[in-house]
Amino acid sequence: MDTVAAVLLALAFGVSETRNGGWGAGAVAAAVWLPVAVRRRRPVRVLYTVLAGAVLAMVFTGWEESWVPVGAALYTVAAREPRRRSAMALGCSLGAVAAAMALGPRAVPASGVAWGVVFASSMMTLPWLVGTALREQRSYAELAARQAVTDERLRIARELHDVVAHHLTVIAVRAEVARAVASTNPQEAERTLALVGTAGRTALTEMRRMLGVLRSPGDGAELGSAPGLADLPALADGAGPRVELSVDPDPPLPPGVELAVYRIVQEALTNVVRHAGSADCRVSLSRVGPEAVEIEVVNDAPSRLPPRLPPRLPPWRPGGGHGLVGMRERAAMCGGTLTAGPLATGGFRVHARLPCGSEAAR
């Protein structure tokens, strides 16, 4: 369409100048306009070609409107070229057109030429400003798109960290347990190896789901299948230690909060397996009015529940690694808080409060 428009304008100006100044003037006008048809391919070259033709037309034929195709070429340069290059192009165009109008045949007084220069400069600057605004808008949109991609990659990286950290920790610890009891308690070793297989299959399933999100054009439906409260029992059963799970049967939470709850519990159980071995723990989820939900994960020493696995690794030590940082980030993303620390009895407690109503919206 741009090419057709440029050709039609070349013909129109050529016909107009032919009527006013003869065939030579018409041919010059058409020749100046024709390069505009390919300005998108070589914006800067086309601009200076058109500018050279316009200057020659002004000086030798007195075609005062030859700055019009220069303005059209300036728009494309401003829209497609860097700011410094387009600014230099504007300065050269304004200077060349002003000089040509001053040196060309004068049919009006000097004051009229001055006003003509001001008018032509304004009319050439206007499309340059429009093109510059379009380029800035496009740059902002590209920056926002790159930022969105970066944010999505960070989200996927966080998800992968939680999945891999939890399931590989369970697999590694349970494999050591199975090796330790293989000769003395084959049934316990078999049950432990079954946990290892379940953890591996679950990790693969979650990673396939996340890869599916990355490959799809939109992730609304896939995010809806993210793990939530309904998956907590399976998470507790596959963790390895004996987990006492208590979930307040209130109305469901927003999907983002459900995912945060699941990942916080998952990371807390990962730390239990990593630092406390077979120590049993309690996981409770309760609503605090309609606006918030509280999560508590506690492992006691000694355990309050019957032991299920004979070996016991050293108790959970004070201090925090990347697991606690990740849980705090999860809570902060939802506008909540998370605290974690050792108990006087030698165990460890993780407590989080996440807004889930109007607080979450704020």
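Working from the alpha-carbon coordinates of the stretch 37-80, get Rg over Rh, Rh being the Kirkwood radius.
Taking Rg over the Kirkwood Rh, I get 1.01.
Can you list the HN-Hα couplings for the stretch 46-59, worked out from phi with the Karplus curve (6.51, -1.76, 1.60; θ = phi - 60°), rounded to whole Hz and with x for Gly and Pro?
Each residue of the stretch 46-59 in turn: 5, 4, 6, 5, 5, 4, 4, x, 5, 5, 5, 5, 5, 6 Hz.
If the viscosity is 1.306 mPa s and the temperature 10 °C, what translational diffusion coefficient in µm²/s does Stokes-Einstein give for the stretch 34-165 when Rh comes from Kirkwood over Cα pairs?
94
How large is ³J(HN,Hα), in whole Hz, for each residue of the stretch 126-139 in order, when computed from phi with the Karplus curve 6.51 cos²θ - 1.76 cosθ + 1.60 and θ = phi - 60°, using x for Gly and Pro?
4, x, 5, 5, 5, x, 5, 4, 5, 5, 5, 5, 5, 5
Whole-Hz Karplus ³J(HN,Hα) for the stretch 173-186, in order, using 6.51 cos²θ - 1.76 cosθ + 1.60 and θ = phi - 60°, x for Gly and Pro?
5, 5, 5, 5, 5, 4, 5, 5, 9, 4, 7, 9, 9, x
None of the figures in this text is laboratory data; all of them are computed from the coordinates on show. What you see is a predicted model; the values in this text were computed from it and never measured.
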